[in-house]
1. Can you give the angle from 0 to 90° between the axis of helix 94-118 and the longest principal axis of the chain, with both taken from C-alpha atoms, to the nearest 10?
2. On alpha carbon coordinates alone, what is the Rg over Rh value for segment 45-111, Rh being the Kirkwood radius?
3. What list of ³J(HN,Hα) couplings, whole Hz, do you get for segment 5-22 from phi and the Karplus terms 6.51, -1.76, 1.60, once you set θ to phi - 60° and write x for glycine and proline?
4. Where is the GNM fluctuation largest for the chain (alpha-carbon springs, 10 angstrom cutoff): 96, 31, 18?
5. Can you tell me, using C-alpha contacts under 8 Å and at least 6 residues apart, the relative contact order of the chain as a whole percent?
6. By how many degrees, between 0 and 90 and to the nearest 10, does the Cα long axis of helix 36-57 differ from the longest principal axis of the chain?
7. Using only C-alpha positions, report the orientation-averaged shadow area of the convex hull of the chain, nm², one decimal.
8. Can you show me the helix-derived [θ] at 222 nm for the chain, built from DSSP H runs with n ≥ 4 at -39,500 (n - 2.57) apiece and divided by the number of residues, rounded to the nearest 500.
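What follows draws every value from the coordinates through simple rules; no lab data is involved. Note that the coordinates shown come from a computational prediction; the quantities given were computed from them, not determined experimentally.
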Amino acid sequence: MAGARHFRELACWQLANELKLGIYQLLEPPELKRDFRFCDQMRDAAASAPRNIAEGFGRRSHADFARFLDVARGSLAESQNHLQDAVDRGHLDATEFQRLNSLSERASAAVARLQRYLRGPQR
């Protein structure tokens, strides 16, 4: 967060948003759209991470921001589970799974780094 003027400047938000867009694209085929519940759950989890990073950025304290980042990390883990479910259902091949899962892991690591900064001894 040091020096960031807007949440869009945060690497964790950028990675989480890229994952969200990739998942939205994954959910485009008509045969997949028919599985409404699965698509809604996957879409909501994917949107939750960047949404919570953005909301936390707008909070007044580092502690509040860090709590929103906890929620974002949970949403990233939920997205990883949905990606595995998409593989299990035959909607996602191994290459695309690896790309999207890697984005989720990178976003989660970036969130963890930001949390360490926010919760550090200097805060």
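1. 10 degrees
2. 1.08
3. Along segment 5-22, the couplings run 9, 8, 4, 5, 7, 6, 4, 5, 5, 4, 5, 5, 5, 4, 4, 4, 5, x Hz.
4. Among 96, 31, 18, the largest mean-square fluctuation in the Gaussian network model of the chain belongs to 31.
5. Relative CO of the chain lands at 32 percent.
6. Taking Cα atoms only, the helix is inclined about 10 degrees.
7. If I average the Cα hull's projected area over directions, I get 7.2 nm².
8. Result for the chain, helices only: -26000 deg cm²/dmol.
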